[in-house]
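Let me begin by presenting the structure, written as structure tokens, before commenting on it.
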Amino acid sequence: MSKKLKILIIAGARPNFMKVAPIIQQIRKYSENAASHGVRLEHRLIHTGQHYDEKMSDIFFSDLGISAPDINLAVGSGSHAMQTANVMMKFEPVCEKEKPDWVVVVGDVNSTMACTLVCSKLDIKVAHVEAGLRSFDRGMPEEVNRIVTDSLADLLLTPSADADENLRREGVSDSKIKLVGNVMIDALVANVEKAKASQVLSRLGLVKKAFIYVTLHRPSNVDHQASLSMIMKELQRIAGELPVVFPMHPRTRKMCERFGIPLDECKGLRIVEPFGYHDSLCLTESARLVLTDSGGLQEESTYFKTPCLTLRPNTERPVTITMGSNKLTNLDQLSADIDEVLGRSTAISQIPPFWDGRASERIINSLIEAS
Ligand code: UD1
């Protein structure tokens, strides 16, 4: 008789979808050989609905080849408390009905923390994928989500050795920590050929290694009129030197409208709708420089060895700086940092350990071992 494990997998916001896809694919692969190892895995994908626009959610399901969620909690947007509370209220009855052996949460968004909180009170085991990352900046909502999630989760699946150290420093027992590697890189490796086939460069009239790819959506950059105005002015200046393509996150667009910042296209600055996964990977690989405040893009640019400037005072992904192509910047330094990157002929950087496309295999093995 084979043993059965029922797993609920949570995805809520854009950066979650490329993390759950390799895990789902690995569960399928494992299940095909259930007879040989005696463990049957059954999974359900729960979408909290934190992100809901076609370009923030659906497009990733088709690009990544994952089926529609089994359950959509459709919580939508709201303040932090509203969104967190809505996820909790809607997820609790799902747990009571489904009675999972494990709930797998990924990343650091509000949905990650909300579902973990629910499970901790229902005595359901939680595995956190991408555990242990710390920016040491509690002004970031994600840092609060990371600390709460990691302190409650039963299995902490980390992407890099610095994450293990952070958890040990916080007193987490070694037995709960498993270094599995970066699951986002699993998705990248599986999709790199499709990304290379993307027509996004010709569609936008861009030439390989002759444009800057910009994504900015962090509240610390875009929720304040002064910083957002300065950012948009600086982008216009840079666009005079090299084309800039800026797919605008709905939060950033909403803030530009609120502050009366015009989004008319000026020469070289292309403000467009958010891209799907393959187009975004293609732009990251092909850009001369990535300018971002996203966690995912810091990692994807490191993998492609594309120079990256991160417009933040800190990062929870230090390995992208110590080994990868990333550097922190600020609005005062930005212009000089861009000139420095554009003046460089080659960037010397490495791909960090365990960014090998096999993290999801190690995740599933760890889950089974811990059961
Ligand atoms: C969330 C995550 C952040 C992640 C980002 C990726 C938290 C605390 N933040 O930030 O870590 O980097 O996702 O995108 O969980 N909106 C839409 N359509 C959508 C989704 C959002 O228009 O499909 C608009 C709404 O006006 C909403 C705003 O964007 O109020 C912000 O969305 P929200 O989910 O609150 O946070 P993000 O900034 O997207």
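Read the figures in this text as sums done on the coordinates, not as results from a lab. Predicted model only: the values in this text are computed from it and were never measured. Glycine also receives a Cβ, built like all others from the backbone with ideal geometry; neighbour counts cover every protein chain displayed.
Table for the structure above
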| item | result |
| --- | --- |
| Leading residue by the ranking (farthest from Leu204 (Cα to Cα)) among those in segment 228-271 that are of a type in the set (A, V, I, L, M, F, W, C) and in a loop (DSSP other than H, G, I, E, B) | Phe259 |
| Ala347 vs. criteria surrounded by fewer than 16 Cβ atoms within 10 Å (Cβ to Cβ), out of contact with any Asp or Glu (no Cβ under 9 Å at 6 or more places or on another chain), in contact (Cβ under 8 Å) with a residue 12 or more places away in the chain and among the hydrophobic types (A, V, I, L, M, F, W, C) | yes |
| Among the residues listed as Ala68, Ala74, the single one being in a loop (DSSP other than H, G, I, E, B) and on the phi > 0 side of the Ramachandran plot | Ala74 |
| Residue satisfying condition, being surrounded by fewer than 22 Cβ atoms within 10 Å (Cβ to Cβ) and either among the basic types (Lys, Arg) or in contact with a strand residue (DSSP E or B) (Cβ under 7 Å, 6 or more places away or on another chain) (or both), within set Thr302, Thr284, Thr315, Thr292 | Thr315 |
| Matching residues in segment 118-153 - criterion: being over 22 Å from Arg358 (Cα atoms) and in contact with a Phe, Trp or Tyr (Cβ under 9 Å, 6 or more places away or on another chain) | Val118, Cys119, Ile124, Lys125, Glu143 |
| All positions within segment 282-294 that are more than 16 Å from the ligand (Cβ to nearest atom), out of contact with any Pro (no Cβ under 9 Å at 6 or more places or on another chain) and either under 17 Å from Pro15 (Cα atoms) or not in a helix (DSSP H, G or I) (or both) | Cys282 |
| Single unsatisfied condition, Ser67 versus (1) within 23 Å of Ala190 (Cα to Cα); (2) touching a residue at least 40 places away in the same chain (Cβ under 8 Å); (3) of a type in the set (Ser, Thr, Tyr) | (2) |
| Residue within segment 189-204 that is touching a Lys or Arg at 6+ places or on another chain (Cβ under 9 Å), crowded, with 21+ Cβ neighbours inside 10 Å and not basic (Lys, Arg) present | no |
| Considering residues of segment 221-257 that are among the charged types (D, E, K, R) and under 19 Å from Ser280 (Cβ atoms) only, the residue farthest from the ligand (Cβ to nearest atom) | Arg253 |
| Hits in segment 123-178 (condition: hydroxyl-bearing (Ser, Thr, Tyr), outside any helix (DSSP H, G or I) and over 20 Å from the mean Cα position of the chain (by Cα)) | Ser173 |
| Residue that is farthest from Ala13 (Cα to Cα), among those in segment 295-305 that are away from the ligand (no atom under 13 Å from the Cβ) and in contact (Cβ under 8 Å) with a residue 24 or more places away in the chain | Lys305 |
| Residues (assigned to a strand (DSSP E or B), touching a Phe, Trp or Tyr at 6+ places or on another chain (Cβ under 7 Å) and within 16 Å of the ligand (Cβ to nearest atom)) located in segment 1-45 | Ala11 |
| Tally of residues being farther than 19 Å from Gly343 by Cβ, within 24 Å of the chain's Cα centre (by Cα), not β-branched (Val, Ile, Thr) and not in a loop (DSSP other than H, G, I, E, B) across segment 205-227 | 4 |
